[in-house]
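Enquirer: Before anything else, here's the structure in question.
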Amino acid sequence: MRGCHPTYPMRLRLYHHHDGARIAYRETGTGPALALLHSLGLSHREWEPIVGELSSRFRVVLPDLPLHGDSEDRPRHSYAPDWFAEVIAGFCREVVGPRPLLAGHDFGAEVVLTAIVTERLEPARLALMPTRLHRRDEFAGKRATWRAVCRAAALPGLDRALAHGAKLVFRPSVGERLSVQRNPAARDLVRHAFADVAGNGNRARAWAKFARRWPAKAQRQLLDAYPRIDLPVLLLWADEDRAHPLIGAEEALDLLPNAQLRTLPATGFLMAYDDPVGVARELISFFG
């Protein structure tokens, strides 16, 4: 399960939101629909090592979130949390179903949580993989620098230059470093995620909006929201992800009415690349 290229049939489709935003998504398999939402800066390929196994039980739906992959990147949208939540809720209702099965990692998990606590979305079951939840960013200094650089793209003449620079910074070797197991297939994940970034001024200006509007501070209001999320929740955590320590999941577990916590050893940020068998096993067991 460590290969780079899928051997299962994958169909590319588009969801058109009412405001004109487009979500590109892939789907494969048959059975109950299960949507997997990827992390910040990557694409649907983050799930590639586990899709083959999941597709034997589910219709696996793999969207590229707005600003990522083949999806919406025009700077005319707000790219605020409520906008992301509305677009993803609309996507889920039309493509996955009114009570979807959902799994999200990092940014994808944040978007899903926003949609749930604002009552835009009511999943049947929810799997949350490492994300900051209600806690502060563990790498706040680095994230602040990233935000400042992204926001500079709004200045005339800097959008294309910064888009070229992003591809130089996020080289394929970054993917391998995000994998505790140093899985070389993670290089292709980053290569694909940044394939169309260089010189893309529209995307750079849209990221500038996102950097201004996505909350940087800890989302402490989630502590009050957790008791209202009365649905089965799986907290599937990595034990070596420094960006998302286990304590956040443990604190959420105490407040969520119907949650369970599972931890996979020797896994980091790219859990599906570090232990694809374990991640697929846990998701299949939870979603049925």
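A short reminder: the numbers here are calculations on the coordinates, not readings from a lab. Predicted model only: the values in this text are computed from it and were never measured. Backbone-built Cβ (ideal geometry, glycine too); neighbour counts: all protein chains shown.
Enquirer: Could you give the nm distance between label points at K217 and A195, where each point is 7 Å from its Cα heading toward the beta carbon?
Expert: The two pseudo-label positions are separated by 4.1 nm.
Enquirer: Semi-axes, largest first, in whole Å: what does sqrt of 5 times each Cα gyration tensor eigenvalue give for region 174-288?
Expert: Semi-axis lengths for region 174-288 are 28, 23, 13 Å.
Enquirer: Any chance you could run the full-extension gain for N258 through V277? It's 0.36 nm times the residue separation minus the Cα-Cα distance, nm to one decimal.
Expert: Length gained, N258 through V277: 4.3 nm.
Enquirer: Continuing with the same structure: Among 184-193, 260-269, what's the highest-first ranking by average C-beta atoms within 10 angstrom per residue?
Expert: Ranking, from highest mean packing down: 184-193, 260-269.
Enquirer: So what J values fall out for region 266-275 if you push phi through Karplus, 6.51 cos²θ - 1.76 cosθ + 1.60 with θ = phi - 60°, rounded to Hz, Gly and Pro as x?
Expert: Each residue's phi maps through the Karplus curve to give 6, 10, x, 4, 8, 4, 5, 8, 7, 8 Hz.
Enquirer: When each pair of different Cα atoms in region 19-113 is counted once in the 1/r mean, what is the Kirkwood radius in angstroms, to one decimal?
Expert: Taking every pair of different Cα atoms in region 19-113, averaging 1/r and inverting gives 13.3 Å.
Enquirer: With an 8 Å cut-off on Cα pairs and a minimum separation of 6 or more residues, tell me the relative contact order of region 167-281 in percent.
Expert: 29
Enquirer: What does the net charge come to around R242 if you take all other residues with beta carbon closer than 14 Å to its beta carbon, with K and R at +1 and D and E at -1?
Expert: With Lys, Arg at +1 and Asp, Glu at -1, the neighbours total -1.
Enquirer: For the chain, go through all pairs of different Cα atoms, get the mean of 1/r, take its inverse, and jot down that Kirkwood value in Å.
Expert: Taking the inverse mean of 1/r over all distinct Cα pairs, the chain comes out at 19.0 Å.
Enquirer: Suppose only helical runs count, i.e. DSSP H with n ≥ 4. What mean residue ellipticity at 222 nm does that imply for the chain under -39500 (n - 2.57) per run, divided by all residues and rounded to the nearest 500 deg cm²/dmol?
Expert: Result for the chain: -11000 deg cm²/dmol, rounded to the nearest 500.
Enquirer: Of all beta bridges DSSP finds with both residues in region 25-102, what is the antiparallel percent, to the nearest 5?
Expert: Expressed as a percentage, antiparallel bridges in region 25-102 total about 45.
Enquirer: Here's another thing I want to ask about it. Give the long-range amide H neighbours of V180: residues separated by 5 or more places, or on another chain, with amide H under 5 Å away, using H modelled in the peptide plane at 1.01 Å from N.
Expert: HN-HN under 5 Å from V180: G268, F269, L270.
Enquirer: Out of all DSSP beta bridges with both ends in the chain, state the antiparallel percent to the nearest 5.
Expert: So the antiparallel bridges in the chain amount to around 35 percent.
Enquirer: Tell me which residues come under 5 Å, amide H to amide H, from L231 once H is placed; ignore anything under 5 positions away on its chain.
Expert: Excluding prolines and chain starts, which carry no amide H, the hits are N258.
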